[in-house]
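Participant: I have a structure here, written as structure tokens, and I will follow up with some questions on it.
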Amino acid sequence: MLAPMSQRAFRWAGIAALLILMTRLASVAAQPLSNADTWFNLRLGADLGAPWHWADPPRWSTYATTDWVPTQPLAAAGMSAVERVAGLPGVAWLYGVGLLTFLLTVYGICRAYASPLIAALGTCLAVIGASGSLSARPQLVSLVLVPLVVHVWLRTQEDGRARWWLVPMTWLWAMCHGFWIVGVATGFVVTAGLLIAGPDRRQAARSAVIPLASLVVAALTPVGPKLLLTPFVVNDRAHLISEWQRASFASIDPWPATIMVLLAGALLASRKHLTVAEGLLIAMAAGGIVLNGRTMAIAGLIVVPLFVRALQERVSFPLDAESRAVELRRLWLTGAAMAVVLGVAVPHTADEPAKVPTAFDARLDAVRDGETVLNDPPAGSWLVWRHPQVNVVVDGLFDAYPVSHLERTLSVMQAQPGWQAYVARADPVLAVLAAGEPLVGALRDSGWRLVDEDAGYVLLEPAKSRQP
């Protein structure tokens, strides 16, 4: 057993690490908004209208001809409402609150299983593993809820209690982000483990009703039963979206979750403390790592409670359960104070967007309603929000576009054979493209004129411009 002084040192080391991470995330949120998904979510939230219209979402382009349903209408509507009241600084503040909530939720869950230092280690690994998904978009809701649901089901494994409140929570979650299905899958995985090797199979059978009921209520959102089919729609387009492709182990991205999966499985199995349900959860996390970049971020959040518990069983650090409630309350108060400071800072630091060509605004404002602008997907996400009258050829909301059109558009951006016919059919009045795209050089070689450059983008007009 560690001496009292050593115990305090390790405890404060863990809390200090967490405070550093909190400060870092708050500073990230204080920066100007720059993620392309933020822009189309703001437009989506503004256009969806009343919930009874959610099953028939708006179309922002004549090329958006696919029958699709929004997977995050409630979260997008919330973002848009904040933007209407407080502008982009309000969205940045909301983003910061989301980041702090995510961090403190993960730490609080880890703290239920481990001492402060080990809980902080698990939290750091989980946050690093999810860092590629930590942007100002509805996915942040799922990053908060996934570890919470895993923790709740692990508690059900321990005490046999059915947490029926998961059903209405899933109903709300299903309107915020598409990863609600991960919460349902977690319920099925744990109840399957309990049915196979649990102490009370009758109670496990009752608990299995929860994920079944969650599927039912997800079909009863204003979007309707079509929401259940959205994972298959995403799968059709996965090869076109970088974060839906498999992460390379040559990068650091998959390693935090991989380390936690391997250590949790090995340490718990070596002491015969690994239940069937926990083994299935670890397997689920391992599958998420190899499936794609988005599920890789979720994988670390699924396994982190088991990882910190496995480490806690191997070290002599005291769990310090009696002081946990006071510690967490103080950390949440610290987070609230950081949110207040962030609210004061963002009007000065995040009042303008970043990585978008705001210098083009005057020219784009002059484009007449329905006229086409040739653009790449990131520029399209910005255009549909800032210049809603423009007919874009594509934006970041790929679900709305046929796969064939997306594939053709992306090949055109690379100036592949046939790009001239594509451009001729689109008949654009302007082009907004990333400066390094091959299409820029091809257009200039064919007579298009460079009008302006800003934030890594170029504004081009045809040789015989109609002068919007």
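Participant: If the Cβ limit is 9 Å and pairs must be 6+ apart or interchain, which residue in region 159-181 that is closer than 15 Å to Ser207 by Cβ pairs with which residue that is small (Gly, Ala, Ser) and surrounded by fewer than 21 Cβ atoms within 10 Å (Cβ to Cβ)?
Facilitator: Trp164/Ala213; Leu166/Ala213; Val167/Ala213; Thr170/Ala213
Participant: Is at least one residue of region 384-403 without any contact (Cβ under 8 Å) to a residue 24 or more places away in the chain, assigned by TED's automatic domain parsing to the domain that holds Ala455 and not in a strand (DSSP E or B)?
Facilitator: Step one: of region 384-403, the residues without any contact (Cβ under 8 Å) to a residue 24 or more places away in the chain are 389.
After this cut, where a residue has to be assigned by TED's automatic domain parsing to the domain that holds Ala455 as well, the list is 389.
This time we only want the ones that are not in a strand (DSSP E or B), so: 389.
Yes, the conditions are met somewhere in region 384-403.
Participant: Here is a follow-up. Kindly provide the set of residues from region 394-418 that are hydrophobic (A, V, I, L, M, F, W, C), under 22 Å from Pro357 (Cβ atoms) and touching a helix residue (DSSP H, G or I) at 6+ places or on another chain (Cβ under 6 Å), ordered by number.
Facilitator: Of region 394-418, the ones hydrophobic (A, V, I, L, M, F, W, C) are 394, 397-398, 400, 403, 406, 410, 412-413, 415.
Pick out the ones that are also under 22 Å from Pro357 (Cβ atoms) and you get 394, 397-398, 410, 412-413, 415.
Passing the criteria: Val394, Leu397, Phe398, Val412, Met413, Ala415.
Participant: Can you tell me which residues in region 294-327 are of a type in the set (A, V, I, L, M, F, W, C) and over 25 Å from the mean Cα position of the chain (by Cα)?
Facilitator: In the first step, residues of region 294-327 are kept if they are of a type in the set (A, V, I, L, M, F, W, C); the result is 296-299, 301-304, 306-308, 310-311, 315, 317, 319, 321, 325-326.
Across region 294-327, the qualifying residues are Ala310, Leu311, Val315, Phe317, Leu319, Ala321, Ala325, Val326.
Participant: Those residues that are more than 27 Å from Ser242 (Cβ to Cβ) and at pLDDT below 95, I need them from region 161-178; list them, please.
Facilitator: Across region 161-178, the qualifying residues are Arg161, Ala162.
Participant: Take the residues in region 115-160 that are among the hydrophobic types (A, V, I, L, M, F, W, C) and not in a helix (DSSP H, G or I); name whichever of them is farthest from Trp244 (Cα to Cα). Break it down stepwise before answering.
Facilitator: Kept after step one, since they are among the hydrophobic types (A, V, I, L, M, F, W, C), are these residues of region 115-160: 117-121, 124-128, 130, 134, 136, 140-141, 143-146, 148-150, 152-154.
Filter again for not in a helix (DSSP H, G or I), leaving 134, 136.
On the way: Leu134: 15, Ala136: 18 Å.
Across region 115-160, the extreme among qualifying residues is Ala136.
Participant: Evaluate the following for Tyr95: is it touching a residue at least 12 places away in the same chain (Cβ under 8 Å) and either farther than 30 Å from Lys226 by Cα or in contact with a Lys or Arg (Cβ under 8 Å, 6 or more places away or on another chain) (or both)?
Facilitator: Numbers: touching a residue at least 12 places away in the same chain (Cβ under 8 Å): yes; either farther than 30 Å from Lys226 by Cα or in contact with a Lys or Arg (Cβ under 8 Å, 6 or more places away or on another chain) (or both): no.
No: the conditions fail for Tyr95.
Participant: What about Trp68, is it outside any helix (DSSP H, G or I), touching an Asp or Glu at 6+ places or on another chain (Cβ under 6 Å), within 30 Å of Lys226 (Cα to Cα) and touching a residue at least 24 places away in the same chain (Cβ under 8 Å)? Write out each step before concluding.
Facilitator: Working: outside any helix (DSSP H, G or I): yes; touching an Asp or Glu at 6+ places or on another chain (Cβ under 6 Å): yes; within 30 Å of Lys226 (Cα to Cα): yes; touching a residue at least 24 places away in the same chain (Cβ under 8 Å): yes.
Spelling it out, Trp68 is indeed outside any helix (DSSP H, G or I), touching an Asp or Glu at 6+ places or on another chain (Cβ under 6 Å), within 30 Å of Lys226 (Cα to Cα) and touching a residue at least 24 places away in the same chain (Cβ under 8 Å).
Participant: For region 229-254, name all the residues that are part of a helix (DSSP H, G or I) and out of contact with any Gly (no Cβ under 8 Å at 6 or more places or on another chain). Spell out how you get there, then give the answer.
Facilitator: Going residue by residue through region 229-254, those that are part of a helix (DSSP H, G or I) are 229-240, 242-244.
Once the filter is applied, which keeps residues that are part of a helix (DSSP H, G or I) and out of contact with any Gly (no Cβ under 8 Å at 6 or more places or on another chain), region 229-254 yields Leu229, Phe232, Val233, Asn235, Asp236, Arg237, Ala238, His239, Leu240.
Participant: Still on this structure: Any idea which of (1) at pLDDT below 95; (2) within 30 Å of Leu319 (Cβ to Cβ) is the one Thr66 doesn't satisfy?
Facilitator: All conditions pass for Thr66, except number (2).
Participant: Going through region 186-199 one residue at a time, which ones are in contact (Cβ under 8 Å) with a residue 24 or more places away in the chain and surrounded by fewer than 20 Cβ atoms within 10 Å (Cβ to Cβ)?
Facilitator: Of everything in region 186-199, those that are in contact (Cβ under 8 Å) with a residue 24 or more places away in the chain and surrounded by fewer than 20 Cβ atoms within 10 Å (Cβ to Cβ) turn out to be Ala192, Ile196, Ala197, Pro199.
Participant: Please work out which residue is farthest from Leu459 (Cα to Cα), limiting yourself to region 413-434 and to residues that are surrounded by 13 or more Cβ atoms within 10 Å (Cβ to Cβ) and under 30 Å from the mean Cα position of the chain (by Cα).
Facilitator: Let us first name the residues in region 413-434 that are surrounded by 13 or more Cβ atoms within 10 Å (Cβ to Cβ), namely 413, 415-416, 419-420, 422-423, 426, 428-434.
Then keep just the ones that are under 30 Å from the mean Cα position of the chain (by Cα); that gives 413, 431-434.
Values: Met413: 15, Ala431: 6, Val432: 5, Leu433: 7, Ala434: 9 Å.
So the residue we want is Met413.
Participant: Using the structure shown, decide if Leu172 is within 19 Å of Thr295 (Cα to Cα), surrounded by fewer than 18 Cβ atoms within 10 Å (Cβ to Cβ) and assigned by TED's automatic domain parsing to the domain that holds Ile210. Give the steps one after another, and end with the answer.
Facilitator: Values: within 19 Å of Thr295 (Cα to Cα): no; surrounded by fewer than 18 Cβ atoms within 10 Å (Cβ to Cβ): yes; assigned by TED's automatic domain parsing to the domain that holds Ile210: yes.
Against the criterion (within 19 Å of Thr295 (Cα to Cα), surrounded by fewer than 18 Cβ atoms within 10 Å (Cβ to Cβ) and assigned by TED's automatic domain parsing to the domain that holds Ile210), Leu172 does not qualify.
Participant: Any residue that is on the phi > 0 side of the Ramachandran plot, surrounded by fewer than 18 Cβ atoms within 10 Å (Cβ to Cβ) and not hydroxyl-bearing (Ser, Thr, Tyr) - is there at least one of those in region 362-384?
Facilitator: Yes: region 362-384 contains one or more residues that are on the phi > 0 side of the Ramachandran plot, surrounded by fewer than 18 Cβ atoms within 10 Å (Cβ to Cβ) and not hydroxyl-bearing (Ser, Thr, Tyr).
Participant: Return the only residue of Arg59, Arg11, Arg43 being assigned to a loop (DSSP other than H, G, I, E, B), touching a residue at least 40 places away in the same chain (Cβ under 8 Å) and charged (D, E, K, R). Give the steps one after another, and end with the answer.
Facilitator: Details: Arg11 fails: assigned to a loop (DSSP other than H, G, I, E, B); Arg43 fails: assigned to a loop (DSSP other than H, G, I, E, B).
Criteria check complete, one pass: Arg59.
Participant: Scanning region 435-445 for residues that are of a type in the set (Gly, Ala, Ser) and modelled with pLDDT of 95 or more, which turns out surrounded by the fewest Cβ atoms within 10 Å (Cβ to Cβ)? First the steps, then the outcome.
Facilitator: We begin by selecting, within region 435-445, every residue of a type in the set (Gly, Ala, Ser); these are 435-436, 441-442.
This time we only want the ones that are modelled with pLDDT of 95 or more, so: 435, 441-442.
On the way: Ala435: 13, Gly441: 11, Ala442: 17.
Applying the filter and picking the extreme gives Gly441.
Participant: When you check Ala204 against the structure, is it surrounded by 16 or more Cβ atoms within 10 Å (Cβ to Cβ) and over 30 Å from Gly293 (Cβ atoms), yes or no?
Facilitator: On the way: surrounded by 16 or more Cβ atoms within 10 Å (Cβ to Cβ): yes; over 30 Å from Gly293 (Cβ atoms): yes.
Here the answer is yes, as Ala204 does meet what is asked.
Participant: Related question: Could you grab me the full set of residues in region 200-243 that are without any contact (Cβ under 8 Å) to a residue 24 or more places away in the chain, within 30 Å of His405 (Cβ to Cβ) and either of a type in the set (Asp, Glu) or in contact with a helix residue (DSSP H, G or I) (Cβ under 8 Å, 6 or more places away or on another chain) (or both)?
Facilitator: Result: Ala219, Leu228.
Yes/no matrix, rows are residues, columns are (1) outside the structural domain of Leu406 (by TED's automatic domain parsing); (2) under 19 Å from the mean Cα position of the chain (by Cα); (3) under 30 Å from Arg155 (Cβ atoms):
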| site | (1), (2), (3) |
| --- | --- |
| Ser207 | yes, no, yes |
| Thr230 | yes, yes, yes |
| Asn235 | yes, yes, no |
| Leu240 | yes, yes, no |
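The values are calculated or read from the model by the stated rules, or taken from the named source; none is laboratory data. Every value quoted in this text rests on a predicted model; they were computed, and no experiment measured them. All Cβ positions, even for glycine, are placed from backbone atoms using ideal geometry, and neighbour counts span all protein chains on display.
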